[in-house]
1. Step by step: first the residues of segment 28-71, then only those that are among the acidic types (Asp, Glu) and closer than 20 Å to Asp15 by Cα, then the one that is modelled with the lowest pLDDT. Which residue is that?
2. Select from segment 1-39 the residues that are in contact with a Leu (Cβ under 8 Å, 6 or more places away or on another chain), part of a helix (DSSP H, G or I) and within 19 Å of Cys52 (Cα to Cα) and list them in ascending order.
Amino acid sequence: MKKLVCDRCGVELTDSNEIEAAFEGMEAWQEAVRARGDEPRGVFPCENYIRCSGEMQFVDDKKFPQGEKSG
């Protein structure tokens, strides 16, 4: 399943419409971050950005068969 996950607080977006909207605003977000003198880490700010300062990052959450571990 494809989703966006906050790199600080872990909040997740899995709804395809929300993910699509985040990608549509990605360029503007990244330009705003660069204008502040920082380098963007993610696609869009977290909904909890004021508290956590996190950015949403794209993750392809793959399910592992029972008994297998990632890495």
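1. Asp61
2. Ala22
The values are calculated or read from the model by the stated rules, or taken from the named source; none is laboratory data. All values derive from a computational prediction rather than experimental measurement. Please note: Cβ atoms are built from the backbone with ideal geometry, for glycine as well, and neighbour counts cover all protein chains shown.
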